[in-house]
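Engineer: Sharing a structure, written as structure tokens. Questions coming.
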Amino acid sequence: MGDKAHTHPGAAGRAQAADRPTSVRNVVLVGHSGSGKTTLVEALALTAGAVNRAGRVEDGGTLSDYDEIEHRQQRSVQLSLVPVEWNRIKVNLLDTPGYADFVGELRAGLRAADAALFVVSAADGVDGSTRMVWDECAAVGMPRAIVVTHLEAARADFEEMTRVCAETFGGDDPDAVLPLYLPLHGPEGPDGHAPVTGLIGLLTRKLFDYSSGERVANEPVGDQVPMIEEARGRLIEGIISESEDETLMDRYLGGEDVDVKTLIDDAERAVARGVFFPVLAAAPAAPGARQGLGTVELLDLITGGFPTPLEHGTPAVTTPDGRPRELKPCDPDAPLAAEVVKTSSDPYVGRLSLVRVFSGTLRADQTVHVSGHGLTDRGHEDHDVDERVGALSTPFGKVQRPVSHVIAGDLACVAKLSRAETGDTLSSKDDPLVMEPWEMPDPLLPLAIEAHSKADEDKLSQGLARLVAEDPTMRLEQNQDTHQVVLWCLGEAHADVALERLRSRYGVQVDVVPHRVSLRETFGGKASGRGRHVKQSGGHGQFAICEIEVEPLPNGSGIEFVDKVVGGAVPRQFIPSVEKGVRAQALKGVVAGHPLVDVRVTLLDGKAHSVDSSDAAFQTAGALALREAAADAKIHLLEPVAEVSVLIGDDYVGAVMSDLSGRRGRVLGTEQSPGGRTLIRAEVPEIEIGRYAVDLRSLSHGTGRFSRRHVRHEPMPPQVAERIKEEAHAAT
């Protein structure tokens, strides 16, 4: 945080495997899309000497987003790791996507990190999604700092942005969110905007000028001095109020001049404990320059103020049969407990698993136990197998630098784990363990797909399996009712990336088709039907007649078959055949091709022939009888109804409730939730919420969340039902 001696850039920036947990810092970058996270990572890497002046990794790879989909979409869509070295400490920078559709990647980054860097654009401010992630980090006590970017924008105002951050993130204690540096502005340009050329350190009273492309320390002059003292006094009080030395505030207020080293040490301890949240400024280096504005200060904060992995508890661990297991936090000599936080496919080396080691040491060519993550309800195959670890490496863009081992607290890539998926646990084959999975958002946007050609059909199953192995926020459904293959995604951008990856990575072209919900049919009242199947075409003929009565039953009753035949009109051996034909027809539907449910079918009478009657003939007669009964009856279409729980900011309650009503929803109730939010519970037909994941985001400016669960099928309004019946008839 202060004016420290720094590792010389160059080879030192080439972060390899760490030798002890105290020499690692795992930092996740959080912020809305376009806030400048990836640019900031590049600037930090450039300052640390990991890339050359052209902005390229020194051994040939590119630092920028290396997924071709990201280049096409012009935004990050996946978690990426960039390790750098500063002050002999390895800093694992975890760059996360800012767009809401890729929140699964963000959560993986939060899981792998020990501290968070919130990146806020001076031009755009703080959005609702960023505030929600801040609250999540606060709930678990994760240390945080704030970096203000886009200072070059015409309307950028660092002081105003600092005030907004204090109001937004400070909660009941806005003095816990304070700047460590003030921007130094150069001469105004023709547009009246004065560019930021340096920073003024409030604790050290030093001026750091970046205008030459190098960080040059000077003394403040003129009107800079009183500006420093006012902000410095507030910062010192904010730091001291969080100090573990309870006498420090009294001494300071009594006039004692607290030395800078004490203040810096106290500030760093407060940051590491998650009770003080410094605000810094950063900007990328100018072309040809070696250091971006504020990057040295930021790296100093990360290495000096952010906690080591030793200070971050290990997630809950159990044995495969569910018995709790205690592990010493971050001990390289303890039993191995590591977690796959990301899975990706590399065109050159195949599947790569990004792994955070929480306990023990992971070694190349070691045989490990892979425990599944329990996401079988999302179409992910569960597994409990031993696998041999391939090469270990530390990534940087497209380059993989080999390492022999990875100790507790560090991250690395593992090659050729063919069964391991995101969220899986790696442990010793002689001491298998399972780590409690992190919370994953439910994918609620359905994407129905079909193979484009026969060749695609042959590859589709394997391509989908690989896709969901990489992304636990995606759910694969083979719907038995509609016979559709459905990928459940988090939003439209998430769906677009899934389709692009199927095409570009796995060579599978698919067509998107309208998603169908699982409708049902039922009788609206009693009806009778006569099934007559009589054919004679030489030799044995076909003869079967049966008469049935159909009546509706309560919701959830299914199909009930009753035999009331008397006098042997239908021989006993053929009554199961009639039932089989009825049930087969019920499965196909009677008016619109949807399964028939909740009826009692009573077999009353029939006729048989001693020679020409058969099992097949009575099956056909049973089906015909059910169809005839339906032709003379009122048939209701039943639609699935979901209970929807929407968590929304109080400002959006009216708009959301009005929207739910427009979807034929019935609001069941509301209740207040912490943070100025309201939980709305409603029952809504599922046919009306196919795109609700997209629509709610638009309604709530990205801050709304919802969950859904199927509760029942109920009759569809006549006008809606008629439209669907007409569409079904037109299709046939």
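Engineer: Do any strands (runs of 3 or more DSSP E) lying entirely in region 481-546 carry at least 2 residues that are more than 30 Å from Gly606 (Cα to Cα), and which ones are they?
Structural biologist: Working: elements: 485-489, 510-513, 520-523, 527-535.
Here the list reads 485-489, 510-513.
Engineer: From the list Asp321, Asp365, exactly one residue is open to solvent by 20 Å² or more (accessible area, probe 1.4 Å), part of a loop (DSSP other than H, G, I, E, B) and closer than 16 Å to Lys416 by Cα. Which is it? First the steps, then the outcome.
Structural biologist: Details: Asp321 fails: closer than 16 Å to Lys416 by Cα.
Asp365 is the lone residue from the list that is open to solvent by 20 Å² or more (accessible area, probe 1.4 Å), part of a loop (DSSP other than H, G, I, E, B) and closer than 16 Å to Lys416 by Cα.
Engineer: Within region 447-460, track down each residue that is loosely packed, with under 14 Cβ neighbours inside 10 Å and either part of a helix (DSSP H, G or I) or free of Cβ contacts under 8 Å to residues at least 40 places away in the same chain (or both).
Structural biologist: Lys454, Ala455, Glu457, Asp458, listed by residue number.
Engineer: Oh, and also: Filter region 428-439 down to residues that are open to solvent by less than 10 Å² (accessible area, probe 1.4 Å) and over 21 Å from Ala334 (Cα atoms), then give me how many there are. Even if it seems obvious, please write down each step before you answer.
Structural biologist: Kept after step one, since they are open to solvent by less than 10 Å² (accessible area, probe 1.4 Å), are these residues of region 428-439: 433, 435.
Within this subset, residues satisfying the condition of being over 21 Å from Ala334 (Cα atoms) are none.
Count: 0.
Engineer: Mind checking which residues of region 262-302 are aliphatic (A, V, I, L, M), more than 30 Å from the chain's Cα centre (by Cα) and part of a loop (DSSP other than H, G, I, E, B)?
Structural biologist: Ala285, Ala286, Ala289, Leu293
Engineer: Go over the candidates Asp430, Asp511, Asp496 one by one and state the one that is charged (D, E, K, R) and modelled with pLDDT of 95 or more. So that I can check it myself, show each step before the final result.
Structural biologist: On the way: Asp430 fails: modelled with pLDDT of 95 or more; Asp496 fails: modelled with pLDDT of 95 or more.
Among Asp430, Asp511, Asp496, only Asp511 is charged (D, E, K, R) and modelled with pLDDT of 95 or more.
Engineer: Within region 519-537, identify whether any single residue is of a type in the set (Lys, Arg), open to solvent by 10 Å² or more (accessible area, probe 1.4 Å) and under 28 Å from Pro640 (Cβ atoms), and answer yes or no. Explain how you work it out, then say what you get.
Structural biologist: We begin by selecting, within region 519-537, every residue of a type in the set (Lys, Arg); these are 520, 526, 530, 532, 535.
Next, from what is left, pick out any that are open to solvent by 10 Å² or more (accessible area, probe 1.4 Å): 520, 526, 530, 532, 535.
The next check asks that each one be under 28 Å from Pro640 (Cβ atoms); those that pass are 520, 526.
For region 519-537, residues of a type in the set (Lys, Arg), open to solvent by 10 Å² or more (accessible area, probe 1.4 Å) and under 28 Å from Pro640 (Cβ atoms): present.
Engineer: From the list Val406, Val399, which residue is modelled with pLDDT of 85 or more, more than 23 Å from the chain's Cα centre (by Cα), over 16 Å from Thr343 (Cα atoms) and surrounded by 15 or more Cβ atoms within 10 Å (Cβ to Cβ)? Lay out the reasoning, then the answer.
Structural biologist: On the way: Val399 fails: modelled with pLDDT of 85 or more.
None of the others qualify; the one that does is Val406.
Engineer: Quick one: which residue in Thr473, Thr425 is of a type outside the set (A, V, I, L, M, F, W, C), surrounded by 22 or more Cβ atoms within 10 Å (Cβ to Cβ) and over 16 Å from the mean Cα position of the chain (by Cα)? Working first, answer last.
Structural biologist: Working: Thr473 fails: over 16 Å from the mean Cα position of the chain (by Cα).
Selected residue: Thr425, the only one of Thr473, Thr425 that is of a type outside the set (A, V, I, L, M, F, W, C), surrounded by 22 or more Cβ atoms within 10 Å (Cβ to Cβ) and over 16 Å from the mean Cα position of the chain (by Cα).
Engineer: Another question, then. Do we have any residue at all in region 157-180 that's over 32 Å from the mean Cα position of the chain (by Cα), of a type outside the set (Asp, Glu) and under 17 Å from Gln224 (Cβ atoms)?
Structural biologist: Within region 157-180, one or more residues are over 32 Å from the mean Cα position of the chain (by Cα), of a type outside the set (Asp, Glu) and under 17 Å from Gln224 (Cβ atoms).
Engineer: Would you say Val468 is open to solvent by less than 10 Å² (accessible area, probe 1.4 Å), of a type outside the set (D, E, K, R) and more than 13 Å from the chain's Cα centre (by Cα)? Talk me through it step by step, then tell me what you get.
Structural biologist: Values: open to solvent by less than 10 Å² (accessible area, probe 1.4 Å): yes; of a type outside the set (D, E, K, R): yes; more than 13 Å from the chain's Cα centre (by Cα): no.
No.
Engineer: Restricting attention to region 304-338, which residues are among the acidic types (Asp, Glu) and touching a residue at least 60 places away in the same chain (Cβ under 8 Å)? Talk me through it step by step, then tell me what you get.
Structural biologist: First pass over region 304-338, keeping only residues among the acidic types (Asp, Glu): 311, 321, 326, 331, 333.
Of everything in region 304-338, those that are among the acidic types (Asp, Glu) and touching a residue at least 60 places away in the same chain (Cβ under 8 Å) turn out to be Glu311, Asp331.
Engineer: While we're on this one: Test of understanding: among Leu81, Leu106, Leu93, which residue is in contact with a Pro (Cβ under 6 Å, 6 or more places away or on another chain) and modelled with pLDDT of 90 or more? Walk me through how you get there before you give the answer.
Structural biologist: Values: Leu106 fails: in contact with a Pro (Cβ under 6 Å, 6 or more places away or on another chain); Leu93 fails: in contact with a Pro (Cβ under 6 Å, 6 or more places away or on another chain).
Matching residue, one of Leu81, Leu106, Leu93: Leu81.
Engineer: Something else: Can you tell me which residue within region 686-726, out of those that are β-branched (Val, Ile, Thr) and outside any helix (DSSP H, G or I), is least open to solvent (accessible area, probe 1.4 Å)?
Structural biologist: Step one: filter region 686-726 for residues β-branched (Val, Ile, Thr), giving 687, 689, 694, 703, 711, 720, 724.
Narrowing further to those that are outside any helix (DSSP H, G or I): 689, 703, 711.
On the way: Ile689: 1, Thr703: 21, Val711: 47 Å².
Within region 686-726, the match that is least open to solvent (accessible area, probe 1.4 Å) is Ile689.
Engineer: Answer yes or no: is there a residue in region 431-443 that is in contact with a Gly (Cβ under 6 Å, 6 or more places away or on another chain) and β-branched (Val, Ile, Thr).
Structural biologist: Looking for residues that are in contact with a Gly (Cβ under 6 Å, 6 or more places away or on another chain) and β-branched (Val, Ile, Thr), one finds none in region 431-443, hence no.
Engineer: Something else: Please enumerate the residues belonging to region 103-129 that are part of a helix (DSSP H, G or I), open to solvent by less than 10 Å² (accessible area, probe 1.4 Å) and not small (Gly, Ala, Ser).
Structural biologist: Within region 103-129, no residue meets the criteria.
Engineer: May I pose another question? For region 669-685, which positions are in contact with a Lys or Arg (Cβ under 8 Å, 6 or more places away or on another chain) and crowded, with 18+ Cβ neighbours inside 10 Å?
Structural biologist: Scanning region 669-685 gives Ala682, Val684, Pro685.
Engineer: Does Gln74 count as polar (S, T, N, Q), at pLDDT below 90 and open to solvent by 60 Å² or more (accessible area, probe 1.4 Å)?
Structural biologist: Values: polar (S, T, N, Q): yes; at pLDDT below 90: yes; open to solvent by 60 Å² or more (accessible area, probe 1.4 Å): yes.
Here the answer is yes, as Gln74 does meet what is asked.
The values are calculated or read from the model by the stated rules, or taken from the named source; none is laboratory data. Being a predicted model, the structure only gives us computed values, none of them experimental. Don't worry about glycine lacking a Cβ; one is built from the backbone with ideal geometry, like all the others, and counts go over all protein chains shown. For accessibility, only protein heavy atoms count, side chains too; no ligands or nucleic acids. Shrake-Rupley method; radii C 1.70, N 1.55, O 1.52, S 1.80 Å.
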